[in-house]
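The values are calculated or read from the model by the stated rules, or taken from the named source; none is laboratory data. Everything numeric here is computed off the predicted structure, so don't read it as measured data. Here Cβ is always computed from backbone atoms with ideal geometry, including for glycine, and neighbour counts include all displayed protein chains. These accessible areas exclude ligands, DNA and RNA; they are computed on the full protein's heavy atoms, side chains included. Shrake-Rupley method; radii C 1.70, N 1.55, O 1.52, S 1.80 Å.
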Amino acid sequence: MIFEQLATYGHEQVVFCHNPDVGLKAIIAIHNTVLGPALGGTRMWPYQNEQEALDDVLRLSRGMTYKNAVAGLNLGGGKAVIIGDPAKDKSEALFRAFGQFVDSQGGRYITAEDVGIDVSDMEFVYRETQFVTGVHQVHGGSGDPSPFTAYGTLQGLMATLNRKFGDEEVGKYSYAVQGLGHVGMEFAKLLRERGAKIFVTDINQQRVDQAVSELGAEAVGLDEIYDVDVDVYSPCALGGTVNEKTLPRLKAKVICGAANNQLATNAIGDEVMRRGILYAPDYAVNAGGVMNISLEIDGYNRERAMRMMRTIYHNLGRIFEIADRDGIPTYQAADRLAEERIATIGKLKLPMGRGTPRFQGRVRGS
């Protein structure tokens, strides 16, 4: 069954990582290295079983291949998951053991933060391997990528508003922001700075209260977020929230947010198009974080990172043009853009197997 799954998704390699002494159960999935080493974050989540963890890492790593390709990066796609509760199961030994497994790949996989992981956790991983991005600035890294993901999402939003409404005036429109984690809260702040009306929800009531008190947001219930009469629905939590149950309830004319895998199925993406809703493909919109951390490989520069974020606007424009040209939904247009780049570059070079990433300017402790 596992090899059938790999054949379906097109993965190059899957590594199962186990260290019972420290409680580590993890999976590293390398999907594609045609464009370069596989870059993608590590997620820590209390999966119900190993199969659920495998399904998640295969789906997420494939998504990283497409995200990195559309973003114009010389990087392939990979992802890792650690099975465990991030509120209870974290330890220095666990992350250092995981770092040793990452290091054993010799640079084919480069990790970073994802759901359930923060910069402090990456500090422990970084003690065992150089193949880590998003490390603290003291090491020559870029730190938390969340603000960059949010800023990139704003660039994607502006391109989408321009395509749908003919202008980029973020403050003219209203937004339903689902999820106020690191990225969601930063995105909400950017919206409010531009004068936008925002409705927010999150499973963490403290975050909702913070958005209400600090940003003047209006709080709604977890399930009520789909019914709010707004211009833009912005999913910024976990994926699959645009589905057969929620789509008929959405009043928004635009779907643009920072969450991964926002469409539950391709059929839902087709229905979004039929309903006249403009969907900004998630992995093109939320690429700001991976763009930012990718610069650590050659030597991090914040000014260069901010300039790179602004290319997201133009990437969305290209996707919308392909969708119009070929008469296809925007999610298919994004895939087509990624696949064309991978195929073109694939004619120039073999899959990544020689040499290692440079990581200029890094400082590692003993």
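Worth pointing out:
- For segment 34-93, the set of residues classified as small (Gly, Ala, Ser), over 24 Å from residue 359 (Cβ atoms) and not in a loop (DSSP other than H, G, I, E, B) consists of 53, 63, 93, listed by residue number.
- Residue that is within 22 Å of residue 312 (Cβ to Cβ) and part of a helix (DSSP H, G or I), where the choices are 97, 176, 188: 188
- Of the helices (runs of 4 or more DSSP H) that lie entirely inside segment 231-336, those containing 2 or more residues that are open to solvent by 10 Å² or more (accessible area, probe 1.4 Å), without any contact (Cβ under 8 Å) to a residue 24 or more places away in the chain and touching a helix residue (DSSP H, G or I) at 6+ places or on another chain (Cβ under 9 Å) span 302-309, 311-326.
- Enumeration of residues in segment 77-94 that are farther than 10 Å from residue 24 by Cβ and among the charged types (D, E, K, R): 79, 85, 88, 90, 92
- Selection within segment 55-69 - over 19 Å from residue 296 (Cα atoms) and either crowded, with 19+ Cβ neighbours inside 10 Å or polar (S, T, N, Q) (or both): 56, 57, 58, 60, 61, 62, 63, 66
- Screening residue 183 against (1) at pLDDT below 95; (2) not in a helix (DSSP H, G or I) leaves a single unmet condition, (2).
- Those residues of segment 156-168 which are open to solvent by 20 Å² or more (accessible area, probe 1.4 Å), assigned to a helix (DSSP H, G or I) and not basic (Lys, Arg), in sequence order: 158, 162, 165
- When residue 3 is tested against (1) touching a strand residue (DSSP E or B) at 6+ places or on another chain (Cβ under 7 Å); (2) open to solvent by 70 Å² or more (accessible area, probe 1.4 Å); (3) among the aromatic types (Phe, Trp, Tyr), only condition (1) is not met.
- Among the residues of segment 174-190, those that are touching a residue at least 40 places away in the same chain (Cβ under 8 Å) and surrounded by fewer than 20 Cβ atoms within 10 Å (Cβ to Cβ) comprise 174, 181, 190.
- When residues in segment 100-112 are screened for being among the aliphatic types (A, V, I, L, M) and either assigned to a helix (DSSP H, G or I) or open to solvent by 10 Å² or more (accessible area, probe 1.4 Å) (or both), 1 of them pass.
- Residue satisfying condition, being farther than 21 Å from residue 60 by Cβ and assigned to a loop (DSSP other than H, G, I, E, B), within set 134, 141, 171: 141
- Tally, over segment 113-132, of residues that are within 18 Å of the chain's Cα centre (by Cα) and open to solvent by less than 10 Å² (accessible area, probe 1.4 Å): 2
- Scope segment 201-239; condition among the β-branched types (Val, Ile, Thr) and closer than 17 Å to residue 251 by Cα; matching residues: 201, 220, 225, 228, 230, 232
- Candidates 354, 325, 362, 358 - the one that is at pLDDT 80 or above, out of contact with any Phe, Trp or Tyr (no Cβ under 8 Å at 6 or more places or on another chain) and not acidic (Asp, Glu): 325
- Members of segment 157-184 found to be among the basic types (Lys, Arg) and touching a strand residue (DSSP E or B) at 6+ places or on another chain (Cβ under 8 Å), listed by number: 163, 164
- Residues that are open to solvent by 50 Å² or more (accessible area, probe 1.4 Å) and either in contact (Cβ under 8 Å) with a residue 24 or more places away in the chain or of a type in the set (Gly, Ala, Ser) (or both) were ranked within segment 24-54; the one that is nearest to residue 130 (Cα to Cα) is 25.
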